Amino acid sequence: MHSVSTLEEAAASPATGNNCCKKARRACPGLLSASSCCPTMPSTESEAPDDLRLFPVEDIVQHPLPGYVAPSSVAFSPDDSLISYLYSPDFSLSRKVFSFDPSTCYQQLLVSPPDGGVDECNLSTSEKLRRERLRERGLGVTRYEWAKAGSTRCLMVPLPGGIYIQDHPAAELRLRIASSPCSPIIDPHLSPDGSSIAFVRDDELYVASISSGDPVQITFGARSAGKTHGLAEYIAQEEMERRNGFWWSSDSKLIAYTEVDATGIPNFRIMHQGKATVGGDAQEDHPYPFAGHANVKVRLGVVNVTGGGSTWLDLHCGDWGNQDGDEEYLARVAWMPDNSLTAQVQNRSHSKLKLLKFDVTTGARHVLLVEENDVWVNLHDCFTPLQKGVGLYTGGFVWASESSGFRHLFLHDGRGYRLGQLTEGDWMVEQVAGIDENAGLVYFTATLDSPIETHLYSAKLFPSVNSPEEKPGEKPRRLTQADGRHVVVLDHQLKRFVDMHDSIEMPPCVLLCSLETGKVIVPIYEQPAPTLRTRKLNLALPEIVQIPANDGTILYGALYKPDSKQFGPPPYRTVVSVYGGPNVQTVWNSWMMTVDMRAQYFRSRGLLVWKLDNRGSARRGLKFESSIKYRMGRTDVEDQETGIQWLIRQGLAKPGRIGAYGWSYGGYLAAMMLARCPELLLCAVAGAPVTSWDGYDTYYTEKYMGTPENNSANFEFSSVMHHAHRIQGQLLLVHGMIDENVHFRHTARLINALIAAGKEYDLLVFPDERHMPRGLSDRIYMEERICDFLEKHLSI
């Protein structure tokens, strides 16, 4: 349930950006640039003319957000001679593929979609649903892929019309395989050697040569049996962040794939009540695994790319007869350099995760390692095989564990035996960015300097082999320089990295940096100069504060204060913008905080906006995160109440003039806060709320709440319906009627409880929208209604 806006990849450096950008403009005339490296942001609203202080509600829904037109999906070509990215020259959502040559600093257009690319009208239903899982809003070209082999610079671009190939950067784009809405090509991927493409069509895997020939079907019998081959199931896409259902071997000769059997899951039917037609076109059936009920069955097979029978591996996930759900979820799959296959499997209660290794010729397996934790075991993508390991390190790999309470890196040998710890401390590793075995270094992003920032670090790869439990002797070396958030991509030779950086004060910029020193080599992207429209918005920088929870734990909050010269001194009417759920952080040193347009809109109208990351939210370690175990609707509400009381004590807000707004988990929390804190909140907007956890999916719900059968008392308390009778303020419910993630049923059940309790409510429904409205007119209408509701009730 990750329903906050997906952050664009971006980078900038206030410490080095301006000077180096000016220098680069003189040396590199082809650089993506404008008249200024970064827009100048006024520190207070009073610096803008009176007629520029307000902006229309339409600006809340603008995409891309101000400053988020920077290149995204950055990658190095196989030979590292080019840096490619998606970019929109007209600053719209419609993107093309560009490249940047670091040796000349010139950019060029690589791919412009011949059919116009992706829009919201030319996609099949299955593709639209995948975009929902990915939280994808981009249009035009939305993804591309280089062949991994260094000897070729072949580029694959999937578009609605089919799979297009560019044999080298100067070649014409050619349509290799046509697609159609009635039989779409799904999830295509190039083989590592760049000779073939694999994709899913009509629930089966196909392989096609890059050069010529018809695609060859290599799996069979799925659709007739109600199964799929090569597609990730709903739970994997929505909750596990496993988007793929097949994986190329490193030698490009084999493909591992999932067979998903959803026949044991009853369909949940969604009716398109807004359509003029009836029948099959006006309904959808989804096999949705509700908490406490069965999951889909998944098994893992391996097939030769030339066809023939599949080898089924010794793994069956989702089968309740299998060791009481000990191997319930297939979480990750990865090939090793020796062409053996690994898989990570998780038990039903999330307390155990196994890393398994398979012989793909026989299907036999053995266990490399087991992670166990009484709280839960979080999934990660830090598993990284050593490519050149010899001797003791043959078949070795880097692994991440939260056994200390924070995610840290460990080195293991080919048998899974732990050789030593690479990082430690009260901070967490987020991703492994690369491994240099020759230099004995591992590069990773982490929160070492601050839990509200992300930086790139390096640490020694090889600990003392005589003491496997030896702790790291040196502090990791920080390579990114400026404060804020850094997303990095390393080149294949491990000499340079692209740093996509932003902060509260700096919109995204993209820099090419030295991996040895961290210093900027050349900027790739500079922010355009502020436009009149941007100046009219007059965005104010939010203020980040720290406050203690009731147990002394430090919580991070953010304030968007109205201009006191225009609106007078506090206390102000206040809106609490809340999410509060697991796996999400809403308060951090990122430009995304500054361009929270709804917060800026309310601030420009004299309302104070407040955000707080309560216990249970992300990037603070396992103890902080697990505070909500079996306590959804308790600890999170208590921390939000603590934040409101802090505002009152500071004289910034006062009871009776405070409202809340949230979406998805935030919608749930806004409704719970209104019910459980009636003396503080006057009103709340609950968008797409989960009103009872027995109506949400297995993976997410059972990780945090267990099952309804085994934890009935906590399930009852965590339901908004249980507290509906306590609501005294005004409630606006907002929901898309074809939401296949948080079903409209959640809002309907809450309405029944409100009626039974004799409580008033307002309802805003969108018959043709899913979990978050996408249509421009729907989004504008929604924002107008939400803003009118909050301003009306907070002005009483």
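Ordered by packing density, taken as the mean number of other Cβ atoms within 10 Å over each peptide's residues, highest first, how do 342-349, 304-311, 59-66 rank?
342-349, 59-66, 304-311
Check each of the trypsin sites (Lys or Arg not before Pro) in the stretch 102-208 and keep only those in coil by DSSP with at most 14 other C-beta atoms within 10 angstrom; list them in order.
In loop regions of the stretch 102-208 (DSSP not H, G, I, E or B), the sparsely surrounded trypsin sites (Lys or Arg not before Pro) are ARG135.
Among HIS63, GLY434, THR701, which residue has its Cα furthest toward the positive end of the charge dipole of the chain, with +1 on Lys/Arg Cβ and -1 on Asp/Glu Cβ?
My answer, from the dipole projection, is HIS63.
Of PHE76, PHE220, GLN650, which is farthest towards the positive pole of the chain's charge dipole, taken about the Cα centre with +1 and -1 on the beta-carbons of Lys, Arg and Asp, Glu respectively?
GLN650
From the cross-link list LYS388/LYS495; LYS227/LYS703; LYS561/LYS611, which pairs have alpha carbons spaced over 20 Å apart?
Table pairs above 20 Å Cα-Cα are LYS227/LYS703.
Would you list which lysines come within 16 Å of LYS475, measuring only between C-alpha atoms, while excluding same-chain residues fewer than 8 positions from it?
The reachable lysines, counting only those whose Cα sits under 16 Å from LYS475, are LYS460.
What do the square roots of 5 times the Cα gyration tensor eigenvalues come to for the stretch 65-133, in whole Å, largest first, as semi-axes of the equivalent ellipsoid?
Equivalent ellipsoid of the stretch 65-133: 26, 14, 12 Å, largest first.
Is it possible to state the helix-based mean residue ellipticity at 222 nm for the chain, with each DSSP H run of 4+ residues giving -39500 (n - 2.57), the sum divided by total residues, to the nearest 500 deg cm²/dmol? What is it?
The per-residue figure over the chain is -4500 deg cm²/dmol.
Among LEU353, VAL260, HIS293, pick out the residue whose Cα is farthest towards the positive end of the charge dipole of the stretch 218-379, where Lys and Arg carry +1 and Asp and Glu carry -1 on C-beta, about the Cα centre.
VAL260
LYS253: which aspartates and glutamates have alpha carbons under 16 Å from its alpha carbon, excluding same-chain residues fewer than 8 sequence positions away?
ASP193, ASP338, ASP359
Roughly how many debye, to the nearest 20, is the charge dipole of the chain about its Cα centre, given +1 on each Lys and Arg Cβ, -1 on each Asp and Glu Cβ, and no other charges?
It comes to approximately 1260 debye.
Using the reciprocal of the averaged 1/r over all distinct C-alpha pairs, how large is the Kirkwood radius of the stretch 311-409 in Å?
Here the Kirkwood hydrodynamic radius works out to 14.3 Å.
Using the C-alpha gyration tensor of the chain, what are the square roots of 5 times its eigenvalues, in whole angstrom, with the largest one first?
That gives 39, 33, 28 Å for the three semi-axes.
What is the dipole size for the stretch 264-402, taken about its Cα centre, with +1 at each Lys and Arg Cβ and -1 at each Asp and Glu Cβ, in debye to the nearest 20?
280
Where in the stretch 350-411 are there trypsin sites (Lys or Arg not before Pro) that are in a DSSP coil and have at most 13 other Cβ atoms within 10 angstrom of their Cβ?
Hits after loop and neighbour filter: LYS388.
When the distances between all Cα atoms of the stretch 218-379 are binned every 10 Å from zero, what whole-number percent does each bin get?
Spelled out bin by bin, the stretch 218-379 gives 10, 36, 33, 15, 6, 1 percent.
When the Cα centres of the stretch 64-99 and the stretch 104-145 are compared, how far apart do they sit, in Å?
12
Relative contact order of the chain: what whole-number percent is it, with Cα pairs under 8 angstrom and at least 6 residues apart?
12
Provide, as a two-decimal number, the C-alpha radius of gyration of the stretch 549-794 over 2.2 N^0.38 Å, N being how many residues it has.
So the Cα radius of gyration is 0.96 times the expected 2.2 N^0.38 Å.
Just so you know, all these numbers are worked out from the coordinates, no wet-lab data involved. Since the structure is predicted, the reported quantities are computational estimates derived from the model, not experimental observations. Glycine also receives a Cβ, built like all others from the backbone with ideal geometry; neighbour counts cover every protein chain displayed.
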